[in-house]
Each structure stands twice: as C-alpha cells, then as structure tokens.
1. When the residues of region 364-393 are filtered to those that are in a loop (DSSP other than H, G, I, E, B) and under 21 Å from the mean Cα position of the chain (by Cα), which remaining residue is modelled with the lowest pLDDT?
2. Checking residue 257 against (1) in a loop (DSSP other than H, G, I, E, B); (2) over 17 Å from the mean Cα position of the chain (by Cα): exactly one of these is not met. Which one?
3. Looking for something at pLDDT below 90 and farther than 19 Å from residue 295 by Cα - is there at least one such residue anywhere in region 66-86?
4. Of the conditions (1) within 25 Å of the chain's Cα centre (by Cα); (2) not in a helix (DSSP H, G or I), residue 190 fails just one. Which one is it?
5. Could you check residue 9 against (1) modelled with pLDDT of 85 or more; (2) in contact with a Lys or Arg (Cβ under 7 Å, 6 or more places away or on another chain); (3) buried (at least 22 other Cβ atoms within 10 Å of the Cβ); (4) not β-branched (Val, Ile, Thr) and say which number it fails?
6. Quick one: is residue 221 over 27 Å from residue 383 (Cα atoms), more than 26 Å from the chain's Cα centre (by Cα) and at pLDDT 90 or above?
7. May I ask you to list the residues in region 337-363 that are over 30 Å from residue 127 (Cβ atoms) and either surrounded by 21 or more Cβ atoms within 10 Å (Cβ to Cβ) or of a type in the set (D, E, K, R) (or both)?
8. Which one of the conditions (1) in contact with a helix residue (DSSP H, G or I) (Cβ under 7 Å, 6 or more places away or on another chain); (2) polar (S, T, N, Q); (3) at pLDDT 85 or above does residue 450 fail to meet, given that it meets all the rest?
Amino acid sequence: MVDQKTPADAPRASARPGGAPALRERLTRRKPVEKLVAETEGAAGAGLRRHMGFWQLSMIGIGATLGTGIFVVLGEAVPVAGPAVVLSFVLAGITALFSALAYAEMAGMIPASGSAYSYSYATIGEFMAWICGWCLMLTYGVSVAAVGVGWGQYINELLHLTTGLSLPSAVLAGPMEGGLVNLPAAAVVLLSMFALLAGVRESSRVNAVMVTVKIAILVMFVAIAATAVQDGNFAPFMPLGMAGVSAAGATLFFSYIGFDSVSTASEEARNPQRDLPRAIMFSMILVTALYCLVAFAAVGALNWTDFADGETSLAGILTGVTGTPVWAVVFAAGAVLALASVVLVVLYSQTRILFAMSRDGLIPAAFSKVDANGTPRLNTVITSVLIAVLAALIPLGPLADATAIGTLFAFALVNVAVLVLRRTRPELPRTFRVPGAPVTPVLGVLACASMMASMGVSVWAAFAGWLVVGLAVYFGYGMKRSALETADGVAARP
C-alpha cells in the first residue's frame, strides 16, 4: 500500500495562496515516486503492454551498446594506447559501470519508461527533468541518425566486397556534403520504424536475432584472429604510457553508451523490479567481456603500429589472417546487422522517452497515444520520419558529438537521483542497491563531469544551442501544460 504520509518527494504547495505557484515552485515541483510507480502498473491507463522478460531486456541493452564502438572506434583507439587498449576498454567499462549501477538501482525502484527523465522528475524537479529529457532527445535522435549514416557506409563496403561496385556518392551523402540524399541512412531508420510498428513482441524478436548474429561474428573474429596472435605484438605493451591508456579509455567510453536503453523498456517488462537491474548488469558484463576479447585478438594478430583509422580494420585483419576476403565479407554483413540493431533499439528508446514526457504534459498528447497493441504508433511515425530526414540530408558534425554530452549529463543526474532518494526516501523498496554508496554514485558524477569538461568548444557550442531551444520550448509550452500545474494533477490546457 502507498504510505498515507506525505512523502518527501511530493509536489510542494503554492507559495501564493489562491493563485498560481511561484516560478521557483513550478521549476522544482517533483512527481511523487508512488505516482510514477502507479502509472507503470497501469493505474493511469497508459496502455503499454508487458511482454518482455529478462532475455528480451538484455537483448535491448546489448543491441544498443554492442555496435559502433567495437566496429569503428577500436581502430582509432589502438594507435593511442597500443596493445594496452585492452586496459583502456577495462578502464572505460569501469567508468561506465558507476552509472550502470545507478541505473540498476533506479530502474528497479522506479520502473518508468522515462528512464533518467523520470528519475530526475522524482528527485530533482520538473525543470531539471525537462533538461534531462531534452538531452535524451538529442542523444537518441541524433545518434540514430549517425548510426544510420555508418550503416550506409557498411552497406557500400559490403557491396564493394561482393560485387566490386559501389553506390554513387550522390546517394551516400546529403546536399551539404556534395550529394543529393543519403538513401541508406534514411532507409534503415524507416525499416526500423516498420519493425516497431509491428509491435513490441515482433520488434524484440527481430532485435534478438540481430544481436545473436553480431555476437556470433565477434566470436568468429576472436576465434580466427586468435590463431595468428603473436607474443611480439604485445611488446611494448604500453608504448605511450598510462596517459595513452587513459586517452584511449575516454574515447572508448562511448562504446558503452546504450545500456540505459534497458530502462526505457520498464513499462513493457513483465517483472521490471526484478529483471531490469539484472538485464542492465548482464548486458554491461557481456559487452565488456566481448570488447576485451576482440581488442586482445586484434592487437595480438596485427602489430599496433599497423593499425589505421577506419571502419573496416577488423575485416582487414580477417583478410590478412586467412588470406581470403570471404571472412571479411561475412564480417561486413554482420556489421550491417549490428548497426541495424542499434538503430532499432535506440529508436525504440527515443519513442518511450517521448511517451513519458507526453504523459506528463510537457510535450503534445499525441506522443502518448497507443493503439490496441500497446504501440505508440503516431509517436513512432513522427519520430522516425524526422530522424530519417535528419540522417538523409544533414551532416551531423559537432551536433553528433554533442550527443555525448547529453548522455553524460543524463548519467550524472541518475547518480544524483540515487543519492537524493537514499537520503529522502530510505524506506522505499530497492530490488538492487548500488554497492559502496554514497561513494560510488559520487564517483559516477565526477567521472561524467570530467569527460564533459574534456570536450571541445565547438561541441559545447552545439550543446548550448540545443539547450537554448529546449528552454524556449519548456517555458513557452511545457511548463504551462505540465500535469503537475494544477492541484488535481490534470494538465492545464489553454
């Protein structure tokens, strides 16, 4: 039963009797944890259907995380760290683990599809929750477009390996890059849209197949490359010192972004309190193990000085080891599926964040309407079409880099949420508890802040521009229509 006492996270009363709440009260009003939990249990008639168990949730986490990083970033990190890139993956994984632990505790306690947005709403207040949600829009939306662009490059690579032909540049780049339209990038987003429209059951099955395939091709790479591992390729192990290991670790940290997608499936999980924390931790452990194995096999089979930046370094190693391009073709085909699964899962996560924000009244109600199958159909179509246009026409540049800041900001807020609820609501049931709190969440905040501070001026400029737009939307639309704007919890409408 819900505690009849007024909880510490309940909305505060108006500072102006008989009138509208003061601005400060409106910005810091919080959504009670009990209300969030009640909504996830269907008390508010949300309409989402609970179909997913532990394995489906784990496939979401692995599908969103295991992709661009290992297929692209490894080739950029090896020249920085040398053979010690394996340690760089461990370092990046430990850094990401701080936030993963925080997500696990919050997801088990507040199984809401809004993820970090909902956690912030319950602990820090509406304004910071809006900023968090706005950052997540940037993170998910632009990253889907960016991965779509990478998917087009792999499609072109696969075509070249199998037929010797290549797609014309006019359909591989948008008009701002000298082309006409990036058709493959738009196509993979729209294909993912149709998979999501088919329903959660069907799209989760498609994702499970793609995740299984990409795990299989990475295991295949390790098995083949391991036959060519030479001890001499590991000496010197740390040619650029610990500074190189740390620098590569900062680059590789973004290979772990995606585990948070598990929490956006909270309201479609059969047993979220039990399965969400387990799925988050399992996906992190599996991804870290695969990353380290692939990195070990790669630098063991090819001297670190021979690594060149590029997206096909792993495929190139297979060709060099076997003396035939056949395995490179298999690997490139697997990479196409790998990146497609990232697009599918991250697009899914984007629609669920928007669903939660719409239910709270901060964005139009159309985004929280679901069909008979429990699918937010209009939300999915609008989001997918906008992202497909972004991927097809606009070069991402610094905006894509700004997604990293948005992600780190959300991660930091989740760590803060753990600290706040440990202090204000210690009695709340927790199916998972962050070990070493409050030290661990504090380290999580510091790790995120450190990485944000290391980013360039152009990235911060793009991020600041996005925040300015977000502030205009919140003060012009969201704040007045918030479901907490009126005392009875019904969103105020013009």
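1. Restricting attention to region 364-393, the residues satisfying the condition of being in a loop (DSSP other than H, G, I, E, B) are 364, 369-376.
Among the residues that remain, those that are also under 21 Å from the mean Cα position of the chain (by Cα) are: 375-376.
Numbers: 375: 85, 376: 90.
Among those that are in a loop (DSSP other than H, G, I, E, B) and under 21 Å from the mean Cα position of the chain (by Cα), it is 375.
2. So residue 257 meets the others, but not (2).
3. No - not one qualifying residue is present in region 66-86.
4. (2)
5. Tallying (1) modelled with pLDDT of 85 or more; (2) in contact with a Lys or Arg (Cβ under 7 Å, 6 or more places away or on another chain); (3) buried (at least 22 other Cβ atoms within 10 Å of the Cβ); (4) not β-branched (Val, Ile, Thr), residue 9 fails exactly one: (1).
6. Values: over 27 Å from residue 383 (Cα atoms): yes; more than 26 Å from the chain's Cα centre (by Cα): no; at pLDDT 90 or above: yes.
The answer is no for residue 221.
7. Step one: list which residues in region 337-363 are over 30 Å from residue 127 (Cβ atoms), which gives 337-344.
Answer for region 337-363, where residues must be over 30 Å from residue 127 (Cβ atoms) and either surrounded by 21 or more Cβ atoms within 10 Å (Cβ to Cβ) or of a type in the set (D, E, K, R) (or both): 338, 339, 340, 341, 342, 343, 344.
8. All conditions pass for residue 450, except number (1).
The values are calculated or read from the model by the stated rules, or taken from the named source; none is laboratory data. What you see is a predicted model; the values in this text were computed from it and never measured. Neighbour counts are summed over all protein chains in view; Cβ atoms, including those assigned to glycine, are modelled from backbone coordinates with ideal geometry.
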